[in-house]
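A.B. asks: Below is one structure. I have some questions about it.
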Amino acid sequence: EDQVTQSPEALRLQEGESSSLNCSYTVSGLRGLFWYRQDPGKGPEFLFTLYSAGEEKEKERLKATLTKKESFLHITAPKPEDSATYLCAVQPVTGNQFYFGTGTSLTVIP
Amino acid sequence: DSGVTQTPKHLITATGQRVTLRCSPRSGDLSVYWYQQSLDQGLQFLIQYYNGEERAKGNILERFSAQQFPDLHSELNLSSLELGDSALYFCASSGGAGGSYNEQFFGPGTRLTVL
């Protein structure tokens, strides 16, 4: 069964304290893995797409990496405005469905 | 602003009723996706349409149905509503058929409350 697990559920960081969020997935062939940011009461905002193991993508203080079983979202020197829920989703090669994890709620304290 | 619009923003109704949620995709996008987000289950994929045709179906109840019109806007119909249907409903759009190599752009959502 295709599924996505994100950890931790919640993370509190001091401003400037780097850390990583984990997304483990089980899928019968990966077409793509997606990272989104969601602010309270708003729709998810696209961050990255990763297609194959070893791929990395960066955007400002965020860097996403992918292995055959998991993806990491590394946050370097976070700021309070990085506080949000970060969602991971996978799309298997069979079908067009997307499977989302339940997210990691990140709080960055000034 | 993602360019995806959803109406209404909020909807309060009673059990047993029927409602329609509307979504207009980004200009040029042919694919529309519907998702349900509740506190205990996260974001659940419901259904995808591409250029008017159903392309993929997820965890969508038989009481729910959707369609995409020639102008590419989409409607999600929810009937015989139950308390458990209370959730945020998101629409997303992308440019591709399978959405596989295209990021999805999400609308602001419709918050449905069933009393």
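A.B. asks: Considering only residues that are part of a strand (DSSP E or B) and away from chain B (no Cβ under 13 Å), which ones fall in the range A:3-20?
C.D. replies: Within the range A:3-20, A:S7, A:A10, A:L11, A:R12, A:L13, A:Q14, A:S19, A:S20 meet the criteria.
A.B. asks: Moving on. Return the residue satisfying two criteria in turn: it lies in the range A:67-85 and is among the charged types (D, E, K, R) and under 27 Å from A:P40 (Cβ atoms), and of such residues it is surrounded by the fewest Cβ atoms within 10 Å (Cβ to Cβ).
C.D. replies: First, pick out the residues of the range A:67-85 that are among the charged types (D, E, K, R): A:68-70, A:79, A:81-82.
Applying the additional criterion that residues be under 27 Å from A:P40 (Cβ atoms) yields A:70, A:79, A:81-82.
Details: A:E70: 18, A:K79: 13, A:E81: 8, A:D82: 18.
Of everything passing the filter in the range A:67-85, A:E81 is surrounded by the fewest Cβ atoms within 10 Å (Cβ to Cβ).
A.B. asks: Please go through the range B:44-68 and give me each residue that is farther than 18 Å from B:V114 by Cβ, away from chain A (no Cβ under 11 Å) and more than 13 Å from the chain's Cα centre (by Cα), ordered by number.
C.D. replies: Within the range B:44-68, B:N51, B:G52, B:E53 qualify.
A.B. asks: What is the residue count in the range A:37-56 for residues that are surrounded by 15 or more Cβ atoms within 10 Å (Cβ to Cβ) and either of a type in the set (D, E) or without any contact (Cβ under 8 Å) to a residue 60 or more places away in the chain (or both)?
C.D. replies: The qualifying residues number 11.
A.B. asks: Can I ask one more? Please give the number of the condition B:Y35 fails out of (1) more than 27 Å from A:P40 (Cβ to Cβ); (2) among the hydroxyl-bearing types (S, T, Y); (3) within 13 Å of chain A (Cβ to nearest Cβ).
C.D. replies: (1)
A.B. asks: Assess whether B:D71 counts as being free of Cβ contacts under 8 Å to residues at least 12 places away in the same chain, more than 12 Å from every other protein chain (Cβ to nearest Cβ) and either under 20 Å from A:G32 (Cα atoms) or among the charged types (D, E, K, R) (or both).
C.D. replies: Criteria met by B:D71.
A.B. asks: Looking only at the range B:1-35, which residues are assigned to a loop (DSSP other than H, G, I, E, B) and among the hydrophobic types (A, V, I, L, M, F, W, C)?
C.D. replies: Once the filter is applied, which keeps residues that are assigned to a loop (DSSP other than H, G, I, E, B) and among the hydrophobic types (A, V, I, L, M, F, W, C), the range B:1-35 yields B:V4, B:A14, B:L30.
A.B. asks: What's the total number of residues in the range A:86-110 that are surrounded by fewer than 19 Cβ atoms within 10 Å (Cβ to Cβ) and either free of Cβ contacts under 8 Å to residues at least 60 places away in the same chain or not β-branched (V, I, T) (or both)?
C.D. replies: Of the residues in the range A:86-110, 3 are surrounded by fewer than 19 Cβ atoms within 10 Å (Cβ to Cβ) and either free of Cβ contacts under 8 Å to residues at least 60 places away in the same chain or not β-branched (V, I, T) (or both).
A.B. asks: Quick check on A:A64: is it small (G, A, S), in contact (Cβ under 8 Å) with a residue 40 or more places away in the chain and either in a strand (DSSP E or B) or surrounded by fewer than 18 Cβ atoms within 10 Å (Cβ to Cβ) (or both)? So that I can check it myself, show each step before the final result.
C.D. replies: Values: small (G, A, S): yes; in contact (Cβ under 8 Å) with a residue 40 or more places away in the chain: no; either in a strand (DSSP E or B) or surrounded by fewer than 18 Cβ atoms within 10 Å (Cβ to Cβ) (or both): yes.
When the stated conditions are applied, A:A64 does not pass them.
Table: residues versus (1) surrounded by 21 or more Cβ atoms within 10 Å (Cβ to Cβ); (2) on the phi > 0 side of the Ramachandran plot; (3) under 11 Å from the mean Cα position of the chain (by Cα); (4) acidic (D, E).
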position	(1), (2), (3), (4)
B:G28	no, yes, no, no
B:V32	yes, no, yes, no
B:L39	no, no, no, no
B:G42	no, yes, no, no
B:D71	no, no, no, yes
B:N77	no, no, yes, no
B:L83	no, no, no, no
B:Y89	yes, no, yes, no
B:F106	yes, no, yes, no
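A.B. asks: Would you be able to tell me the number of residues in the range A:21-57 that are in a strand (DSSP E or B) and not acidic (D, E)?
C.D. replies: Kept after step one, since they are in a strand (DSSP E or B), are these residues of the range A:21-57: A:21-26, A:30-38, A:45-50, A:56-57.
From what's left, not acidic (D, E): A:21-26, A:30-38, A:46-50, A:57.
Number satisfying all stated conditions: 21.
Rule-based calculations on the coordinates, nothing more; no lab input. On a predicted model such as this, the values are computed, not experimentally measured, just so you know. Counting neighbours? That spans all protein chains shown, and the Cβs are built from the backbone with ideal geometry, glycine included.
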